[in-house]
Amino acid sequence: MNVLYVEDNAHDADLTRRTLQRSAPHLNIVTADTLAQARGLLDAGPLPHLLLVDMRMPDGNGLELLQRVRERGLPLPVVMLTGSGDEATVVAALRGGADDYVVKQGSYLERLPALLDLALARFRTVSARRSTPIRVLYAERTLSDVDLLFRHLTRFAPHLLLESVGSADEVLRRLSDPTAQPPDVLLLDFQLPGMNALELVKLLRQEQALDLPILIITGQGDEDSAIQTLKLGATDYLVKQDDMLRRLPVAIESAHFRVQLERERVALRESEARFLQMASAVDDIFWLVDPVRRAVLYISPGFERLWGIKLEAMRDDWLAWRHGVHPRDRERIKAQMQSVPDGHFELEFRVVRPDGEERHVLLRGYPVNDENGLPFRRAGIVQDITERKRQEARIQHLAFHDALTGLPNRSLLLDRMALALAHAQRHRTQLALLFIDLDRFKTINDTLGHLLGDEMLRRVADRLRLVLREDDTVARLGGDEFVVLLSDIQDVADPAHVAEKLMAALSSPFQIAGHELHVTCSLGVSIYPRDGSDAQTLLKFADTALYKAKDAGRNDYRFFSPDMDARAHDTLRLENDLRRAIERNELVLHYQPQLDLQTGAVRGVEALVRWQHPREGLIPPNDFIPLAEETGLILEIGDWVLQQGCQQLRAWRDMGLRDLDLAVNLSVRQLQRPGLDQVVARALQASGVPPERLELEITESSVMHEPEQALALLQRISAMGVRFAIDDFGTGYTNFACLLQLPLQRLKIDRSFVQGMSLEGNEGAIAEAIIAMSRRMKLRVVAEGVESEQQRARLAALGCDSIQGFWLAKPMPADDVPGWLATHHGR
């Protein structure tokens, strides 16, 4: 068996491979350490026999690969590996189409070969079953519908063999024809000439006792009638909607195999009934009764443990067990048992013990035949299924609810939105979607820890519940994002009023673990049908409006408008273009000279990135750097600027400009990413530039997030000989205690303190203070944004070391720098 094992942990992959080589030599293991590599192997072929995927991968989640396999219909079983074993992970894997899962705990490697063999065998059994032809008798009066279904099945489900008739009478004649091969499944359109499906199902089930699976196809508005056919014995029904043809083959197979399974179960029960041997050591209850004498012949001791009733009571009254049945289940159980005169039944009900404890049980009954094949006794088994019921309830709850808050999750929200949209369409009403995001919740999580953050989310969920009506839905999508669904609103004032109430509900402080915490929220609102007609569109537009509320200052709400969508698309298009800008060589560096005021010589240049967009032209950094910061592209751009700047400085040095220094800006994200010192070292080594000729500019706030880690990083880079400068000094929060520890050589006075300076007046007071402080700290000072001779003269008088700005030169392409330097003579 060829197994593709997708695992990023090299130790786990090697251990698994070596273990399986010893214990299961028939398994040939091929490994992939990323989802991308796994996709490539699957695309290249040939396909393995089985796919074993770890849930957590460096480039995504194993569920993504599972989804790709199922969407493409690749014929291979998938087994998921998880390290946690939590129910939510298991549910997600199984709901996504996994054939099985393995928890990396204990001796799982010893069990793995058998599990993989079983998964493959089970997959092949199901595949073989689907390859077996299933004969379908289709009753439909509209020939175009028959032709459409026939062509669809021929293309997508050729194993479903369709035979069509046009009326209920033809169905009856076809089923009674002894020369024709009987169908496996009966497919009925609800509206048939002469007799509708409701009457036909009643006739086939009650009068003719037909045991074929019967599927009903009904149009919009006939769902209630179709449900009545289920009560009369129909197996299932489908509504004529856009996706009916896609769902129909699965429904036919499901109905056919359910009936087959039931027939196999009946045969199994009959076989078991002949070999029952009652054993008192098991928890299940075995029983044998004589219906003619109305006597209990045998019942195992487990009855006393489960019912809490003495066995003698059953010997005195063979129906004494009914006294322990839950009052709400008694009549149902009695009616169901009377409706099966042949003695075959399978019933689930609740038992209430004398101490009040409630248990769920499964009761099966089988006839026991004599030598002539006639039933003369009845046997059965009772199983305590209480724990199974609890597990099913937990899994069902986890599949549709958020594990932390108990609120509906995305799946349940989408289900309720589908129902609400259908109701709104039928009754021509409006509904609203409110997308909620907690403001600065990440600060609470990062500062006080995730446990306290989780408690905060639970408290927030409780407050949101209290504000809303019982018919409204509040769901948690994940993180600090919530969605509120409001049905039957009258006008836009209704969601606005609810938004204000939700904001007010969160305005009072939270008392958690001795902390008084304050949190606000921002909301985006979309309206049906004004903004969209489907759930995904309404969610997208509400999210778009939410970000506009955040841009407006947070703790506010905004309604969606079409221009928001246009701006969002523009931003997305710009982001996509920016992702390809480096590989397309669209980024360029311009350089702005820095003048030494004491000598009049140009000692350095600052590298400033520009984007030469193929359609928009030259884009300044203020228009794309914030987007790069937000998306994380700034890391790649920052590395490129550092490498290109060093290479350009090397080229100038080769031209004889050996006294020129290079200043490069570092972003907050670059400082927070591990390995920046290695990036700097590689850039210097590749270019051959002396480290002392490189100056890295950082902002005050960039080192305040994690000052100890930032200080250690800067010291490692400084040890190479690289110099540091504080950029935009005075515009942000300054921690002087931290500042004194940084390995700095220069401070850059922000342009806001330079503008408006003249030879006289107090406009330069802040700049003067910064220069004086720098002298005490033994730091050199460079002023940015110098645009006039008056500003230059005033800065020189204050003792500023260097300047840069339009007075000296605008940023220029690299090819223009040597010529400009040649014509500059200490302006």
Return the residue satisfying two criteria in turn: it lies in the range 314-342 and is surrounded by 13 or more Cβ atoms within 10 Å (Cβ to Cβ), under 49 Å from the mean Cα position of the chain (by Cα) and not in a helix (DSSP H, G or I), and of such residues it is modelled with the lowest pLDDT. 340
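One line per residue, one yes/no per condition, for (1) over 27 Å from residue 427 (Cα atoms); (2) among the charged types (D, E, K, R):
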site	(1), (2)
471	no, yes
476	yes, yes
488	no, yes
497	no, no
506	yes, no
513	yes, no
524	no, no
533	no, no
537	no, no
Residue among 378, 440, 426, 388 that alone is at pLDDT below 90, surrounded by fewer than 16 Cβ atoms within 10 Å (Cβ to Cβ) and over 27 Å from residue 520 (Cβ atoms): 388
Name the residues in the range 770-806 that are surrounded by 17 or more Cβ atoms within 10 Å (Cβ to Cβ), more than 52 Å from the chain's Cα centre (by Cα) and not basic (Lys, Arg), would you? 771, 791, 795, 798, 800, 801, 802
Hey, does the range 45-52 have a residue that's in contact with a Phe, Trp or Tyr (Cβ under 7 Å, 6 or more places away or on another chain), of a type in the set (A, V, I, L, M) and either surrounded by 14 or more Cβ atoms within 10 Å (Cβ to Cβ) or without any contact (Cβ under 8 Å) to a residue 24 or more places away in the chain (or both)? yes
Can you tell me which residue within the range 17-38, out of those that are part of a helix (DSSP H, G or I) and open to solvent by 70 Å² or more (accessible area, probe 1.4 Å), is nearest to residue 76 (Cα to Cα)? 37
Residue satisfying condition, being open to solvent by 20 Å² or more (accessible area, probe 1.4 Å) and not in a helix (DSSP H, G or I), within set 242, 224: 242
Log entry, pairs with first residue in the range 247-266 being over 30 Å from residue 366 (Cβ atoms), second being modelled with pLDDT of 85 or more and part of a helix (DSSP H, G or I), beta carbons closer than 7 Å, six or more apart or on different chains, reads 249/153
Give the range 777-795 a look and list any residue that's of a type in the set (A, V, I, L, M, F, W, C), under 15 Å from residue 593 (Cα atoms) and in a helix (DSSP H, G or I), or say none. none
Go through the range 280-313 and give me each residue that's in a loop (DSSP other than H, G, I, E, B) and either farther than 24 Å from residue 385 by Cα or free of Cβ contacts under 8 Å to residues at least 60 places away in the same chain (or both). 280, 281, 282, 291, 292, 293, 294, 300, 301, 308, 309, 310
When the residues of the range 88-98 are narrowed to those that are open to solvent by less than 60 Å² (accessible area, probe 1.4 Å) and within 16 Å of the chain's Cα centre (by Cα), which ends up nearest to residue 120 (Cα to Cα)? 97
Residues of the range 113-157 being in a loop (DSSP other than H, G, I, E, B), within 35 Å of the chain's Cα centre (by Cα) and exposed (fewer than 13 other Cβ atoms within 10 Å of the Cβ), which ones? none
Quick one: would you say residue 599 is over 30 Å from residue 576 (Cβ atoms) and among the hydroxyl-bearing types (Ser, Thr, Tyr)? yes
Please state which of the following conditions residue 668 fails to meet, knowing it meets all the rest: (1) open to solvent by 20 Å² or more (accessible area, probe 1.4 Å); (2) over 16 Å from residue 604 (Cβ atoms); (3) in contact with a Ser or Thr (Cβ under 7 Å, 6 or more places away or on another chain); (4) modelled with pLDDT of 90 or more. (4)
Picked from the range 373-420 (must be outside any helix (DSSP H, G or I) and out of contact with any strand residue (DSSP E or B) (no Cβ under 8 Å at 6 or more places or on another chain)), the residue farthest from residue 352 (Cα to Cα) is 373
Within the range 481-497, restricting to residues that are assigned to a helix (DSSP H, G or I) and either open to solvent by 10 Å² or more (accessible area, probe 1.4 Å) or touching a Phe, Trp or Tyr at 6+ places or on another chain (Cβ under 7 Å) (or both), the one that is modelled with the lowest pLDDT is 493
Residue check: is residue 48 closer than 23 Å to residue 105 by Cα and in a loop (DSSP other than H, G, I, E, B)? no
Looking at the range 685-708, which of its residues are under 19 Å from residue 637 (Cβ atoms) and among the hydrophobic types (A, V, I, L, M, F, W, C)? 686, 694, 696, 698
So residue 348 passes all but one of these: (1) open to solvent by 30 Å² or more (accessible area, probe 1.4 Å); (2) over 21 Å from residue 366 (Cβ atoms). Which condition number does it fail? (2)
Working carefully through the options 468, 413, 433, 452, find the one that is open to solvent by less than 30 Å² (accessible area, probe 1.4 Å) and without any contact (Cβ under 8 Å) to a residue 40 or more places away in the chain. 468
Hits in the range 64-87 (condition: under 15 Å from the mean Cα position of the chain (by Cα) and either farther than 23 Å from residue 411 by Cα or open to solvent by 50 Å² or more (accessible area, probe 1.4 Å) (or both)): 64, 67, 68
Residue list for the range 625-675, restricted to those being acidic (Asp, Glu) and over 36 Å from the mean Cα position of the chain (by Cα): 654, 659, 661
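The values are calculated or read from the model by the stated rules, or taken from the named source; none is laboratory data. Quick caveat: nothing in here was measured; it's all calculated off a predicted structure. Heads up, the Cβs are rebuilt from the backbone with ideal geometry, glycines too, and the neighbour counts pull from every protein chain shown. In case anyone asks, the SASA skips ligands and DNA or RNA and just uses the protein heavy atoms, side chains included. Shrake-Rupley method; radii C 1.70, N 1.55, O 1.52, S 1.80 Å.
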